[in-house]
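Have a look at the structure below before the remarks.
The values are calculated or read from the model by the stated rules, or taken from the named source; none is laboratory data. The model shown is predicted, which means the values in this text are computed figures rather than measured ones. Cβ placement follows ideal geometry from the backbone for every residue including glycine, while neighbour counts extend to all protein chains displayed.
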Amino acid sequence: MPYVLEERFKLARDTLLKFIKQDITTEKGTAEKESIEEGDMKFTKSGEFSGFVILRDVSLEEFHELRTGARKFKIYTRLVEGDLIAYEMPSPAHTYVAGYLIRSIGTWSNYLEVGPELDMTVGRNTQYISDVVVEPIQPGQQQHGAGSIPQPRMIIEIGVAEPFTSLHSLASEYFSTSTQTSYMQVYLSIKIFSRHADNTVIMIASIYLRNNEIPARNQRNRRLDANARANPTMTRIPNTTPNRVISFGTSPPDQRIVDSINSTGVRNDRFVGFIQPADADADADVICSRAGMQEYQVNIQPELLFGDFPGGVPPGTANNLNIDLWEIQQIILRRLEIYAP
């Protein structure tokens, strides 16, 4: 590997380390961001930092070779419109959360294939490596040598170093009409922030749906009869807007994070969980403190996971795939790096 390229990989790694230890949602982290050369940063369409640019004008073939070298420096890379981007680092929290999700989703249905780190070509000279992918097993795939292009119905991304806004920006690509994403129905992102001095952690789960519908605003009116509340009128919103955002950590998000979440366009009543701590003027939100709490469940209809599956949802499939965020919270609390002042 050329010396200059090695230095770029090292600089990318060191930059991501700074962002993990000094989160960019803090003033200190913002100062770190501003100390990096403008040309070395990649931004989302809304102007938010999304990663470190290692190299530009990279082809898909070159990317496949370069990302092998990137792993030697403990960084995850993706190709975005020809830019080789470092956006994440391997970590125990990232690994074990992904492992739990793969195991639990695979256990839910034997008709789903669930795996890690799938190459997803989402546009011209743009390829992501998705953390967790879910696809139904189609008849014929078991035949020796049949082969097929992976077309997941659900993708999960986990961010430790990767900013919340970067995770949010992936929705538009995952719901594109490229060959690999044309059947995509559900995108779930899990953002893990750095541990605080008091050992608490901010955690944010965001759910996106290709066909994104939420109850119309008037459905929250308590004067509606029980039938109207049980069968609400739905309204369609863009699939790049989260259907629901859940703060499920042991610390509420600070104002900068709240502002980032609000900038996604999520409706106020769809941003839920532990947001408001107790103070003199308001009651505290109920913290995610045990398994099975209704507010902290991600429920996914099986029809979304078995789209284009012959015969529809397989007989015997449970009503919904349920992901209990308390289980994920506990993994993060066990595996996230200790507080580093």
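So the check is Cβ under 9 Å with 6+ separation or different chains; which pairs have a first residue in the range 99-119 that's in contact (Cβ under 8 Å) with a residue 24 or more places away in the chain and a second one that's crowded, with 17+ Cβ neighbours inside 10 Å and of a type in the set (K, R)?
L112/R153
Only residues that are hydrophobic (A, V, I, L, M, F, W, C) and either in contact (Cβ under 8 Å) with a residue 40 or more places away in the chain or within 30 Å of P302 (Cα to Cα) (or both): list them for the range 67-98, please.
Hits for the range 67-98 are A70, F73, I75, L79, V80, I85, A86, M89, A93, V97, A98.
For the range 268-310, what are the residues that are in contact with a Cys (Cβ under 7 Å, 6 or more places away or on another chain) and either at pLDDT below 95 or hydrophobic (A, V, I, L, M, F, W, C) (or both)?
Within the range 268-310, F274 is the sole residue that qualifies.
With at pLDDT 95 or above and among the small types (G, A, S) as the only criterion, which of G47, G159 stands out?
G159
Looking at the range 244-254, which of its residues are of a type in the set (S, T, N, Q) and either surrounded by 19 or more Cβ atoms within 10 Å (Cβ to Cβ) or at pLDDT below 95 (or both)?
Once the filter is applied, which keeps residues that are of a type in the set (S, T, N, Q) and either surrounded by 19 or more Cβ atoms within 10 Å (Cβ to Cβ) or at pLDDT below 95 (or both), the range 244-254 yields S247, T250.
Hey, does the range 93-107 have a residue that's surrounded by fewer than 21 Cβ atoms within 10 Å (Cβ to Cβ), at pLDDT 95 or above and farther than 25 Å from R334 by Cβ?
no
Output the residues belonging to the range 63-92 that are modelled with pLDDT of 95 or more, in a helix (DSSP H, G or I) and under 19 Å from R8 (Cβ atoms).
Matches in the range 63-92: F63 only.
Six or more apart or on different chains, Cβ atoms under 8 Å: show the pairs whose first residue is in the range 182-196 and closer than 13 Å to Q151 by Cα and touching a residue at least 60 places away in the same chain (Cβ under 8 Å) and whose second is surrounded by fewer than 23 Cβ atoms within 10 Å (Cβ to Cβ) and among the β-branched types (V, I, T).
Matching pairs, first to second residue: V186/I207; V186/I300.
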